[in-house]
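Data first, discussion second: the structure below is written as structure tokens.
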Amino acid sequence: YRAELKGDILNLALGHSHPIDYKLPVGVTASVIKDNRDVYVKLESNNKQLLGQTAAKIRSFREPEPYKGKGVRYRNEVVKMKAGKSGKK
């Protein structure tokens, strides 16, 4: 997945057929940190409720799925993995 910040618009490429442009609410600032393969979006705000709502909205664009673990996660979030069809016996 890719993320890019243009002013106050967060441009996300999350594997959908189209890129997602999310306009950050007033009072929330973001920065994109690229580390080898991983991309991190760091959100900052003085308003904790607004910050949580913004993070939840960004996560809702591609929630982590339990079979491969792909998706947008919070920092230090652990996704409980499920066994696929071949793991069921």
Does any residue of segment 62-70 turn out to be small (Gly, Ala, Ser) and part of a loop (DSSP other than H, G, I, E, B)? yes
Any chance segment 77-88 includes a residue that's aliphatic (A, V, I, L, M), touching a Leu at 6+ places or on another chain (Cβ under 9 Å) and touching a residue at least 12 places away in the same chain (Cβ under 8 Å)? no
The residue that is modelled with the lowest pLDDT, considering only those in segment 9-39 that are closer than 16 Å to ARG75 by Cα and surrounded by 12 or more Cβ atoms within 10 Å (Cβ to Cβ), is VAL39
Filtering segment 8-59 for residues that are hydroxyl-bearing (Ser, Thr, Tyr), over 17 Å from GLY71 (Cα atoms) and under 13 Å from the mean Cα position of the chain (by Cα) leaves a count of 1
Boolean, GLU4 is in contact (Cβ under 8 Å) with a residue 12 or more places away in the chain, acidic (Asp, Glu), out of contact with any helix residue (DSSP H, G or I) (no Cβ under 6 Å at 6 or more places or on another chain) and part of a loop (DSSP other than H, G, I, E, B): no
Search result, residues across segment 15-66 that are free of Cβ contacts under 8 Å to residues at least 24 places away in the same chain, at positive phi and out of contact with any helix residue (DSSP H, G or I) (no Cβ under 7 Å at 6 or more places or on another chain): ASN36
When segment 43-82 is checked residue by residue, the ones that are among the polar types (S, T, N, Q) and either within 18 Å of ASP21 (Cα to Cα) or open to solvent by less than 50 Å² (accessible area, probe 1.4 Å) (or both) are SER45, GLN53, THR54, SER60
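The values are calculated or read from the model by the stated rules, or taken from the named source; none is laboratory data. Being a predicted model, the structure only gives us computed values, none of them experimental. For neighbour counting, all protein chains shown are included, and Cβ atoms are generated from backbone atoms with ideal geometry for every residue, glycine included. Keep in mind that these areas ignore ligands, DNA and RNA; they rest on the heavy atoms of the full protein, side chains included. Shrake-Rupley method; radii C 1.70, N 1.55, O 1.52, S 1.80 Å.
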